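The values are calculated or read from the model by the stated rules, or taken from the named source; none is laboratory data. It should be emphasised that the depicted structure is a prediction, and the values quoted were computed from it without experimental measurement. Quick reminder, even Gly has a Cβ in these numbers, built from the backbone with ideal geometry, and neighbours come from all protein chains shown.
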Amino acid sequence: MYMSTDEIRTAFLKFFESKGHQIVPSSSLVPANDPTLLFTNAGMNQFKDTFLGIEKRDYSRATSAQRCVRAGGKHNDLENVGFTARHHTFFEMLGNFSFGDYFKQDAIQYAWEFLTETIGLPTEKLLVTVYKTDDEAFDIWHNTIGVPADRIVRIGDKEGGKPYESDNFWQMGDTGPCGPCSEIFYDHGDHIWGGPPGSPEEDGDRFIEIWNIVFMQFNRQADGTMENLPKPSVDTGMGIERIAAIKQNVHSNYEIDVFQQLIKQVADNIGVDDLGNQSLRVVADHIRSCAYLIVDGVMPSNEGRGYVLRRIIRRAVRHGNKLGAKGAFFYKLVGPLAAIMGTAGEALREQQTMVEKVLKIEEENFGRTLERGMVMLEEALDKVQGDVLDGETVFKLYDTYGFPADLTNDVARERGYRIDEDGFEAAMEAQRQRAREAGQFGTDYNQAIKVDHGSDFCGYTGTEGEGSITEIFVD
Ligand code: ATP
Ligand code: MG
Ligand code: MG
Ligand code: MG
């Protein structure tokens, strides 16, 4: 039976409320008091201190529909947008959380009950994974729930990797709470390319991961040893758009109610007939992340979060341009989006005018150099020998026309080329060096905001003119 995205959100929160969970509103996309994280990328972010036992709440079970952005840092799905059926830069994560309350048994039972009874998914389409040594979870799935053993996949560690590099082992940071995961997949049918989790074809879009259940069971010490947590906890996350695709009998997230309406708006605004056009998907995806980032206080800039936002806006504008947009079009999608998002649209409706203004200015500024930059890029691509666009050109596009390197890469990829990232970095570094020597720039090139557990992504550096996508990795 068909369910709208809005109905799914309500059904989920009500289900967990009926199981004693407190409904907690979505937190901001800018994580509060967590400079180690670029953007909120999971429902558990706002409960981090509660899981760590630093913050006490007057409930031990919670549920939420959390807005998330994965467009930089550790989780970066920007390059997937338009290419997979299941990835967005912005999405809503439905979750239920136990803070030292229930554990594996209840977590698995709740998930199964919600999926198969409340929203009626056919059990024979579902597949589950457990961490390879997690016999406890395997037994619950098999003996209590009744999932046939051949539909439970044990997932190990990445080849040559450590347990925490596995898709099925989660950790909050290098030390602290961690534990095995169990993921639920939906089989969209053998007419779609892809294989079950753990198989060589798992990256295909036939078996789509819908729900990730994390069992926080251990406390990793600085020396790598793991102690049992006195009160194990549960953290789960399910992408609402992926469930909507199933309940609306479509394969791709981009075919669900929210996206169909949004894509129609983009097409009408620009004057495009082919609703299946990939650029329409990209624009529809990007307006969601951009609008909500601005709602949550991020402004386009040359550094840190603001630069990630700027990059997404410019990408969207470029795709609009490719579709034939004349003049500013992107900001006009804010109003329709606010209406389409239903109960999750309230914050946007309240700040619609402000968001429109910010986007309009940004889009008009970039629009002035976009066309000239595209001419230069096309000419450069015509001259490429082999399949790599040199770093100097990527840098020049960035420096003169404000093309973030990922935008140039996006265009290059469409033509079957890739960019020389190392060459680009070298050109960037040379520019920084010149600036340091000249001492004439106000920006501190070494300034970096720490994001994502401090273990990989450390921020973006900026120049006076535009901005750089230089991510500093400091493992
Ligand atoms: P995938 O393997 O498909 O990239 P993931 O394992 O990275 O997903 P998790 O970090 O486990 O995802 O997040 C929990 C859930 O959030 C996923 O099971 C999925 O339903 C949803 N999700 C994750 N990333 C995205 C995204 N970029 N767009 C939409 N939904 C997402
Ligand atoms: Mg992912
Ligand atoms: Mg996964
Ligand atoms: Mg997962």
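Numbers below:
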item	result
Number of positions in the range 271-286 that are touching a residue at least 24 places away in the same chain (Cβ under 8 Å), hydrophobic (A, V, I, L, M, F, W, C) and surrounded by fewer than 20 Cβ atoms within 10 Å (Cβ to Cβ)	1
Residue satisfying condition, being over 22 Å from the mean Cα position of the chain (by Cα), within 16 Å of ligand 1 (Cβ to nearest atom) and modelled with pLDDT of 95 or more, within set Phe114, Phe103	Phe114
Contacts under 6 angstrom Cβ, first residue in the range 91-104 being over 18 Å from Leu115 (Cβ atoms), partner among the polar types (S, T, N, Q) and in a loop (DSSP other than H, G, I, E, B), 6 or more apart	Phe99/Ser60; Asp101/Ser60
Residue count for the range 192-230, restricted to those that are touching a residue at least 12 places away in the same chain (Cβ under 8 Å) and either surrounded by 13 or more Cβ atoms within 10 Å (Cβ to Cβ) or within 16 Å of ligand 2 (Cβ to nearest atom) (or both)	25
Residue that is within 21 Å of the chain's Cα centre (by Cα) and either within 22 Å of Met3 (Cβ to Cβ) or assigned to a helix (DSSP H, G or I) (or both), where the choices are Val282, Val358	Val282
Verdict on Asn96 being over 30 Å from Asp406 (Cβ atoms), surrounded by fewer than 16 Cβ atoms within 10 Å (Cβ to Cβ) and modelled with pLDDT of 95 or more	no
Selection from the range 56-94 of residues that are within 16 Å of ligand 3 (Cβ to nearest atom), assigned to a loop (DSSP other than H, G, I, E, B) and aliphatic (A, V, I, L, M)	Ala85
Test: residue in the range 354-374 that is at pLDDT 95 or above, farther than 25 Å from Asp77 by Cβ, surrounded by 15 or more Cβ atoms within 10 Å (Cβ to Cβ) and in contact with a Gly (Cβ under 6 Å, 6 or more places away or on another chain)	no
Residue selected from the range 138-195 under the condition modelled with pLDDT under 90 and of a type in the set (Ser, Thr, Tyr), by the criterion nearest to ligand 4 (Cβ to nearest atom)	Ser166
Close pairs from the range 169-187: first without any contact (Cβ under 8 Å) to a residue 40 or more places away in the chain, partner of a type in the set (Ser, Thr, Tyr) and assigned to a strand (DSSP E or B), Cβ under 6 Å, at least 6 apart	Phe169/Tyr131
Which listed residue is acidic (Asp, Glu), more than 17 Å from the chain's Cα centre (by Cα) and within 16 Å of ligand 3 (Cβ to nearest atom), from Asp235, Asp223	Asp235
Failed item, numbered, when Tyr131 is tested on (1) within 16 Å of ligand 2 (Cβ to nearest atom); (2) touching a residue at least 12 places away in the same chain (Cβ under 8 Å)	(1)
Residue in the range 128-145 that is surrounded by 16 or more Cβ atoms within 10 Å (Cβ to Cβ) and hydroxyl-bearing (Ser, Thr, Tyr) present	yes
